[in-house]
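First comes the structure, then the notes that go with it.
The values are calculated or read from the model by the stated rules, or taken from the named source; none is laboratory data. The model shown is predicted, which means the values in this text are computed figures rather than measured ones. Every residue, glycine as well, gets a Cβ built from its backbone with ideal geometry; the counts of neighbours run over all protein chains shown. What goes into the accessible areas is simple: the full protein's heavy atoms, side chains included, and nothing from ligands, DNA or RNA. Shrake-Rupley method; radii C 1.70, N 1.55, O 1.52, S 1.80 Å.
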Amino acid sequence: MELKVKDFESALKSLEEIVSQLEGGDLTLDRALELFEQGVKLSRFCSDKLEEAERKVEVLTRAADGTMKETPFTPGVEGE
Amino acid sequence: MNLFDQRKIYTVLEITSEIKHALEKFGIVWIQGEISNFKHHTSGHIYFSLKDDRAQIKAAFFRNNNLYLKFRPEDGIEVLVRGRLSVYEPRGDYQVIVEYMEPKGLGSLQLAFEQLKEKLRKEGLFDEAHKVALPLLPRKIGVVTSPTGAAIQDMLRILKRRNASLHILIFPARVQGTGAAEEIAAGVQYFNSRDDIDVIIVGRGGGSIEDLWAFNEEVVARAIYGSEVPVISAVGHEVDFTIADFVADLRAPTPSAAAEMVSGARDELLSAVQSLFGRLFQSARLLIEKRRSALERLARSRGFYAAPNMIRALEQRFDEATLRMQQAMARFTTSLRHRERLAKARLAGIDLRMLIRGKTERLSRSRQLLAVNLRAGLQRRRSRLEVAAGRLDALSPLAILARGYAICRDAHGVVVRCAGNLRAGEGVRVTLAKGELDCRVEGVRLQPGD
């Protein structure tokens with residue numbers, strides 16, 4: 001069974017379901033193995049997402065042609 | 001009869017004008033009362049009556065005077081007005097021409113706040129059903145606030161302290177004064193026009209009710225209500241409530257609290273994932289244990305002796321599955337790190353310069369070899385030429401002539417090989433090694449047998 005994980009929320013939800021299925025116990029060994037493998041993949045996906053860091057602060061400025069531009073923000077420097 | 005002659009008779013207009021004049025002598029008056037029969041005409045003028053328990057007076061509040069009213073007058077509201085008394089001549093009504101009005105009791109801003117709140121509540125802008133939950137793990141936060149205000153400083157300080165992995169995008173907006181509300185609304189709409197914003201925060205630091213007023217304006221409320229992206233309002237201090245707070249999907253008591261809300265979930269989620277991971281392993285181990293004990297029970301049973309092969313096969317299958325599961329566990333816990341190390345090691349092992357040096361050496365060796373081969377070939381060809389030239393020389397008639405032989409040709413230039421072909425008296429040319437002789441045949445001597 002191929003995993004289709006796009007976002008953190010659904011991955012976490014699937015992981016919870018898998019764990020409770022495994023904890024429910026009533027599974028064939030092969031099915032349990034399959035679920036276990038999926039669970040490990042999902043755990044890894046979730047922790048990767050949590051570690052993925054994009055720490056950035058930008059401020060929007062309006063260019064002459066009216067489009068918005070993103071520039072790094074330094075607190076207290078921009079005047080009003 | 002005389003009495004009648006002294007009567008002063010007014011026309012209706014005259015007496016009305018007199019009354020009007022008399023009333024206008026009151027000058028500016030302040031009147032307190034309750035509004036009734038309130039009408040806001042399309043011309044912009046407002047007409048109503050002021051009343052108390054026992055009396056009422058008509059009032060007109062013209063457009064140029066009522067333009068800057070913050071709150072919305074309506075029936076039943078107790079107000080204090082300042083105005084002048086006058087008469088509306090076509091009707092003979094006397095009335096107060098209002099120049100200024102303020103609500104009694106509540107301040108006018110407070111009243112305006114209550115009125116808008118009530119209006120929007122009725123429209124359903126505060127309905128819980130419309131509110132959207134924040135995403136568990138927001139990535140990119142759009143902040144509508146003043147880039148120089150206290151709010152953004154507070155938020156950034158919190159995010160830095162929490163070491164939050166967030167991308168903050170600031171839409172600079174004035175947060176007080178004329179036009180501020182429109183800028184805040186524009187910010188909310190702008191962030192909705194993008195598709196990468198997970199949460200919007202609108203806010204500012206603390207201040208008076210006038211300072212916070214922009215967040216009580218209808219245009220802001222409607223922009224927040226219309227937002228597809230979840231909005232957190234973070235205005236002023238904990239005690240300050242604004243219309244924006246009621247419409248927003250989530251109210252943060254302060255800007256700092258808003259920063260906590262968008263960054264706080266991460267640590268909890270991390271421990272949740274770790275705990276799920278632990279339970280995953282635990283339950284897998286338990287599953288194996290349960291089967292092992294079941295198997296052991298089976299092994300002790302009498303059926304075991306009856307069908308040992310079957311048990312053995314079962315055992316083998318079990319071992320196989322167990323092994324696969326253990327391998328999977330090991331694989332997954334180590335694979336990524338391991339693969340990374342491998343890749344790094346491979347990368348380090350290849351020295352590009354060594355590679356280039358090797359190729360260069362092979363190239364120059366090839367060049368040398370080529371030169372040697374060329375020279376040898378040339379030499380070989382030259383000696384072959386010399387041998388050929390020697391052989392050619394040996395065969396040359398000139399070489400034969402040099403050894404003392406001569407060639408004799410007849411008058412037609414044909415080489416004479418047989419004396420019988422010539423007669424006495426015929427001229428011949430004899431070619432020697434050096435020079436030629438023109439001779440005449442004296443006699444012909446044939447060899448016997450010719």
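Structure data summary
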quantity: The listed residue being in contact (Cβ under 8 Å) with a residue 24 or more places away in the chain, more than 13 Å from chain A (Cβ to nearest Cβ) and either open to solvent by 30 Å² or more (accessible area, probe 1.4 Å) or in contact with a strand residue (DSSP E or B) (Cβ under 8 Å, 6 or more places away or on another chain) (or both), out of B:Glu260, B:Glu296; calculated: B:Glu260
quantity: Exclusive hit being without any contact (Cβ under 8 Å) to a residue 24 or more places away in the chain and not in a strand (DSSP E or B), set B:Lys20, B:Lys8, B:Lys70; calculated: B:Lys8
quantity: Which numbered condition B:Gln56 fails, given (1) over 27 Å from B:Glu210 (Cβ atoms); (2) in contact with a Pro (Cβ under 8 Å, 6 or more places away or on another chain); (3) not hydrophobic (A, V, I, L, M, F, W, C); calculated: (2)
quantity: Identity of the residue in the range B:98-111, under 20 Å from B:Lys39 (Cβ atoms) and open to solvent by less than 40 Å² (accessible area, probe 1.4 Å), that ends up modelled with the lowest pLDDT; calculated: B:Leu111
quantity: Any chance B:Glu89 is open to solvent by less than 80 Å² (accessible area, probe 1.4 Å) and under 60 Å from the mean Cα position of the chain (by Cα); calculated: no
quantity: Search result, residues across the range A:12-49 that are facing another protein chain (nearest Cβ under 9 Å), touching a residue at least 24 places away in the same chain (Cβ under 8 Å) and not β-branched (Val, Ile, Thr); calculated: A:Leu12, A:Leu15, A:Gly39, A:Lys41, A:Leu42, A:Ser43, A:Cys46, A:Lys49
quantity: Residue match in the range B:266-273 (condition: more than 14 Å from every other protein chain (Cβ to nearest Cβ), aliphatic (A, V, I, L, M) and either touching a residue at least 60 places away in the same chain (Cβ under 8 Å) or not in a helix (DSSP H, G or I) (or both)); calculated: no
quantity: Matching residues in the range A:13-66 - criterion: being of a type in the set (S, T, N, Q) and open to solvent by less than 50 Å² (accessible area, probe 1.4 Å); calculated: A:Ser14, A:Gln38, A:Ser43, A:Ser47
quantity: All helices (runs of 4 or more DSSP H) inside the range B:85-197 with 1 or more residues being within 14 Å of another protein chain (Cβ to nearest Cβ); calculated: B:150-162, B:180-193
quantity: Odd one out for B:Glu210 among (1) acidic (Asp, Glu); (2) assigned to a loop (DSSP other than H, G, I, E, B); (3) free of Cβ contacts under 8 Å to residues at least 40 places away in the same chain; calculated: (3)
